[in-house]
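The values are calculated or read from the model by the stated rules, or taken from the named source; none is laboratory data. Worth saying up front: this structure is predicted, and the values here are computed from it rather than measured. Methodologically, a virtual Cβ is constructed for each residue, glycine included, from the backbone with ideal geometry; neighbour enumeration extends over all protein chains shown.
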Amino acid sequence: MPKQRTGTFAESTAVISVFRNETFIKVEVQDHGRGFSSNLDVAFEHGLGLRGMQERLRSLGGALKVESNAEGTRVIATVPIGSLNFNLESDGRLARAAVS
């Protein structure tokens, strides 16, 4: 079961979900705002936000997927667990993660 957090930002509500299994961690952020340009290639070319996230995830062997339309946007970041070092608290919570 994913952990979720909901918050209100500007004119939209965002839902953040985190999924984990033995091989990967996936973070999804979904909102119901106005969405990006119909051409996502343009969204990746302007600014550093999406492009920077994509480059960081690729350096870890992960991927970034963006789905957007007039009804909202979903950003999905996936990274293999093997590319991260984890320190867990005694109760199993993640204390910190660092790049290998």
Which pairs do you get when a residue that is farther than 17 Å from GLY72 by Cα, found in the range 1-24, comes within reach of a residue that is at pLDDT below 80, reach meaning Cβ atoms under 7 angstrom, with the pair 6+ apart or on two chains? VAL18/PRO2; VAL18/LYS3; PHE19/PRO2
When the residues of the range 35-82 are narrowed to those that are hydroxyl-bearing (Ser, Thr, Tyr) and loosely packed, with under 14 Cβ neighbours inside 10 Å, which ends up modelled with the lowest pLDDT? SER38
When you go through (1) modelled with pLDDT under 65; (2) of a type outside the set (D, E, K, R); (3) touching a Lys or Arg at 6+ places or on another chain (Cβ under 8 Å) one by one for VAL15, which number turns out not to apply? (1)
